[in-house]
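Comments concern the structure below.
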Amino acid sequence: MTRRVGLSARRIFGVVSAVAMLAVVSGCGLLGGSEEKPTTAAAPGKVEKATITVGLLNILDVASVHVAIQKGYFKEEGLEVKPEIIQGGAMAIPGLINGSLDISFGNWVSFFAAEAKEAAKAVDGLKLVSDGYQAKPEMFLILAKADSPIKSPKDLEGKTIAINTFRNIAELTAKATLEANDVDPAKVNFKEFPFPDMEAAVQNGTVDAAFMVEPFISRAQRTSGQITVLDAASGPTADIPIAGYATTGKFVKENPNTVAAFQRAMAKGQRDAADRPTVEPLLVEYAKVDKETASLVHFGEFPTTLDATRLQRVAGLMRTYGLLEKDFDVKPMLVTASGS
């Protein structure tokens, strides 16, 4: 049972340059000096905390957790996972800090921004324990009404777009792709809405368009005929890492076997989440969509390992678009699985 918790060419060149720089610095410390290494999780052992609360959104991105629950992967590791529904990654961070969440799904932008500001310093910082989701075409779309005058990215200037939370992966990728299509992001307004409410907000004119993810994209297209204005996982954001699972340094230190057990179960869940026949019925159950909508959703990638070089790309884009004030090295946040 779950409960709810609370345009320039110069800029585009900057994005390309930031990504290119990652190839140069990937083998050394990004910020200079001695290189900080990721934490390594414990080898198999009795878990310190058998029941853990995990923050989740009711979206396709977290299918791997539901797969791992259904197939008994957590149970095999001595864990019981209690899902707790959140609106976005930014809202997971207070829960991790105050201990109401043990681990939470969230977008990398929110986790990196919070760690850069030392928001979780009192609990030894935020630590990343599992990858979650990576972009593919048509899984990050800005949609408008079928009869809307908005037909192209340029038409979004001066308009209001719904996003689930501010200063997250949605805002970052929206700004990057708008600018890549010669739209000044400063001339677009963003308004917060939960994903399940976006379709109605577009239909009733509360917003002009909405940044949606699956399964809400397919539902809005099928039931309301909403149209794609922009694929926010294209151009400078193609194949960008989206989100994963974080905890606190304090939780890792006090529960190393629990974290390692979670990682082993999640690796299996991530692997199996790529299988549509496995995931579609689960979407009907946890995301509350009908079978036809579940059969239409566009899948992203479910990576099975954390990779610092790949995640560093997100931090590079955040720096380019002002979501980080200075260069940020993601590697010290990683908790790598034992033996990896």
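What follows draws every value from the coordinates through simple rules; no lab data is involved. Remember, predicted model here, so these are calculated numbers, not experimental data. Methodologically, a virtual Cβ is constructed for each residue, glycine included, from the backbone with ideal geometry; neighbour enumeration extends over all protein chains shown.
Values computed for the structure shown
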read-out: In region 141-160, the residues that are of a type outside the set (V, I, T) and within 16 Å of A186 (Cβ to Cβ); value: P153, K154, L156, E157, G158, K159
read-out: Verdict on K175 being of a type in the set (K, R), out of contact with any His (no Cβ under 6 Å at 6 or more places or on another chain) and more than 19 Å from A90 (Cβ to Cβ); value: no
read-out: Counted residues, region 287-304 - those being surrounded by fewer than 20 Cβ atoms within 10 Å (Cβ to Cβ) and over 18 Å from the mean Cα position of the chain (by Cα); value: 6
read-out: Residues being of a type in the set (V, I, T) and touching an Asp or Glu at 6+ places or on another chain (Cβ under 9 Å) - total across region 108-134; value: 1
read-out: Given (1) in a helix (DSSP H, G or I); (2) hydrophobic (A, V, I, L, M, F, W, C); (3) over 27 Å from M139 (Cα atoms), number of the condition I69 does not satisfy; value: (3)
read-out: Meets criteria (acidic (D, E), surrounded by fewer than 18 Cβ atoms within 10 Å (Cβ to Cβ) and more than 21 Å from the chain's Cα centre (by Cα)) for D239; value: no
read-out: Candidates K127, K136, K121, K117 - the one that is under 19 Å from I242 (Cα atoms), under 23 Å from the mean Cα position of the chain (by Cα) and surrounded by fewer than 24 Cβ atoms within 10 Å (Cβ to Cβ); value: K136
read-out: Residue selected from region 141-191 under the condition β-branched (V, I, T) and in a strand (DSSP E or B), by the criterion farthest from A220 (Cα to Cα); value: T160
read-out: Checklist (1) within 16 Å of the chain's Cα centre (by Cα); (2) more than 22 Å from V314 (Cα to Cα) applied to Y245, failing item; value: (2)
read-out: Only listed residue being closer than 30 Å to S130 by Cα, surrounded by fewer than 24 Cβ atoms within 10 Å (Cβ to Cβ) and polar (S, T, N, Q), chosen from T177, T223, T160; value: T177
